[in-house]
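The values are calculated or read from the model by the stated rules, or taken from the named source; none is laboratory data. Computed from a prediction, not measured in an experiment: that's the story for all the values here. A quick note on method: Cβ atoms are made from the backbone with ideal geometry, for glycine too, and the neighbour counts reach across all protein chains shown.
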Amino acid sequence: MVIPDEVPLLLAALLPRNPLTPISITSSFRFLGVWFNIKGSRDFVKKQIANECNSFAATLRPAKLTAKQVVYLYNTVLIPKLEYRMQVTHLSDKDCYIATRLVRSLVKQKANFSRALPNPILYLFQALGLINLSSHLIQCHVNNLFLMANSTTSFIQRLFVYRLMLIQFQFLIPVSPLMVADWSL
């Protein structure tokens, strides 16, 4: 056990070797592989997601792959990577749509489809089965919420209840946020 008098000595011993430098309030930082922003801005993660998708499309465009192979790589390699990067950041449908634009274009090109083909056809399981990034992220967030609500760990359960109470307090809701059916103003 550390007594309070020893804390400054321990920190002083650590600081010369590992200096602490403050970051600006607008910059993003990485903690355990996940990117955060003090102001809560999504721009950095949004750019990362777009760059990942564009890089993926640029790498696979010259490759002699079928549309099914590109879809398989997208669904099994890129989607989990994007899901991991977006654990704490939720992007809108529009942001996800813009970020995956070049991937959809690549799939259409590899399948010899017209560029005018409606995008929802690509997402049909009976057709190519491309995963819609926005829908997948919503599904992941709901799944995580379900896992937290039904956790066997008391700490996770208490954390879940605390977060619900925080939402209730922030939005001045008289009942649990799980009971609210319409969130429109």
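Some observations on this one:
- Residue-level analysis places residue 55 outside the set of residues that are under 17 Å from residue 139 (Cβ atoms) and of a type in the set (Gly, Ala, Ser).
- If you filter region 76-88 down to residues that are assigned to a helix (DSSP H, G or I) and in contact (Cβ under 8 Å) with a residue 40 or more places away in the chain, you find that the one that is surrounded by the fewest Cβ atoms within 10 Å (Cβ to Cβ) is 84.
- Breaking point among (1) free of Cβ contacts under 8 Å to residues at least 24 places away in the same chain; (2) assigned to a helix (DSSP H, G or I); (3) basic (Lys, Arg), for residue 104: (1)
- Residues being farther than 24 Å from residue 113 by Cα and among the aliphatic types (A, V, I, L, M) - total across region 19-73: 8
- The residue that is surrounded by the most Cβ atoms within 10 Å (Cβ to Cβ), counting only those in region 135-182 that are under 30 Å from residue 122 (Cβ atoms) and of a type in the set (A, V, I, L, M, F, W, C), is 137.
- When the residues of region 57-88 are filtered to those that are among the charged types (D, E, K, R) and more than 22 Å from the chain's Cα centre (by Cα), the one that is farthest from residue 36 (Cα to Cα) is 64.
- Within region 30-82, being out of contact with any helix residue (DSSP H, G or I) (no Cβ under 7 Å at 6 or more places or on another chain) and among the basic types (Lys, Arg) holds for 30, 39, 42, 47, 64, 68.
- Qualifying residue in region 31-41 (condition: at pLDDT 90 or above, of a type in the set (Gly, Ala, Ser) and either assigned to a loop (DSSP other than H, G, I, E, B) or on the phi < 0 side of the Ramachandran plot (or both)): no
- In a residue-by-residue description of region 48-60, the property of being aliphatic (A, V, I, L, M), assigned to a helix (DSSP H, G or I) and at pLDDT below 75 applies to no position.
- Residue among 117, 130, 91 that alone is under 19 Å from the mean Cα position of the chain (by Cα), farther than 30 Å from residue 29 by Cα and not in a helix (DSSP H, G or I): 130
- Scope region 158-170; condition hydrophobic (A, V, I, L, M, F, W, C) and under 24 Å from the mean Cα position of the chain (by Cα); matching residues: 159, 160, 161, 164, 165, 166, 167
- Filter pass, residue 88 being among the aliphatic types (A, V, I, L, M), out of contact with any Pro (no Cβ under 8 Å at 6 or more places or on another chain) and under 17 Å from residue 141 (Cβ atoms): yes
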